Amino acid sequence: MFSGKTEELIRRVKRAHFARQRVLLFKPRIDNRYDDVKVVSHEGLKAEATAVSNSAELAGMVDDVTRRANGNEGELAHVIGIDEAQFFDEGIVDVAERLANAGMRVICAGLDQDFRGQPFGPMAALMSIAEFVTKLHAVCTRCGAAACRSQRLVGTEGQLFVGGAADYEPRCRRCFVPGVVEG
């Protein structure tokens, strides 16, 4: 959290737009913290996106654009952006692989670890099939070191909890307390 993952995704999507590439940007419907249909960073940067419920819906929308492009109704997507990929089901790994194999550049942003310090959803599998992985770090709120963990501050059960600054804070390995809610 707070490392600039979404800002980096938006930056890469904007560069693709400048290069006149067709971009499709997706976000999980469950993440409506800042906006229902836009990808929004904690700092307020925004980009138009499509909210989807799962990997099958995302794949169907990309396939629909591809079918229209093949019928000369549209243009084939060059870049597929996926924000908060950790909230998607495991099927997102096969979808990303299929899209990449079809020649599309797939850019996923998400947390690699949950509040317990364990792999978060499909992120480990996505990272293993990626050509490039950029791991960004926040600043530890306790000591100022590079933060690679998210400390949960609210007592909510389960791995999937969409929260913001009041619910999580970035911590370094030394200051992080796995699975403990501090708040």
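The values are calculated or read from the model by the stated rules, or taken from the named source; none is laboratory data. Quantities reported herein were computed from a predicted structural model and do not represent experimental measurements. In this analysis, Cβ positions are derived from the backbone assuming ideal geometry, glycine residues included, and neighbour counts consider all displayed protein chains.
Within segment 26-40, being part of a loop (DSSP other than H, G, I, E, B) and more than 16 Å from GLN86 (Cα to Cα) holds for TYR34, ASP35, ASP36, VAL37.
Residues of segment 9-34 that are crowded, with 18+ Cβ neighbours inside 10 Å and touching a Leu at 6+ places or on another chain (Cβ under 7 Å): ILE10, VAL13, PHE26.
Of all residues in segment 62-86, those being in a loop (DSSP other than H, G, I, E, B) and at pLDDT 75 or above number 4. Of the residues that sit in segment 35-61 and are among the β-branched types (Val, Ile, Thr) and either touching a Pro at 6+ places or on another chain (Cβ under 8 Å) or crowded, with 17+ Cβ neighbours inside 10 Å (or both), which one is farthest from HIS17 (Cα to Cα)? So, considering only residues that are among the β-branched types (Val, Ile, Thr) and either touching a Pro at 6+ places or on another chain (Cβ under 8 Å) or crowded, with 17+ Cβ neighbours inside 10 Å (or both), the one farthest from HIS17 (Cα to Cα) is VAL52. One residue stands out in segment 119-156 among those that are touching a residue at least 60 places away in the same chain (Cβ under 8 Å) and assigned to a loop (DSSP other than H, G, I, E, B): the one that is farthest from ARG173 (Cα to Cα), namely THR134. Criterion applied to GLY103, GLY44 was being outside any helix (DSSP H, G or I) and either under 19 Å from LEU136 (Cβ atoms) or among the aromatic types (Phe, Trp, Tyr) (or both), and the one residue passing it is GLY44. Being loosely packed, with under 13 Cβ neighbours inside 10 Å, modelled with pLDDT of 95 or more, closer than 16 Å to PHE2 by Cβ and not acidic (Asp, Glu): is that true of CYS172 here? Spelling it out, it is not the case that CYS172 is loosely packed, with under 13 Cβ neighbours inside 10 Å, modelled with pLDDT of 95 or more, closer than 16 Å to PHE2 by Cβ and not acidic (Asp, Glu). Of all the residues in segment 87-100, those that are surrounded by fewer than 17 Cβ atoms within 10 Å (Cβ to Cβ) and either part of a helix (DSSP H, G or I) or without any contact (Cβ under 8 Å) to a residue 24 or more places away in the chain (or both) number 5.
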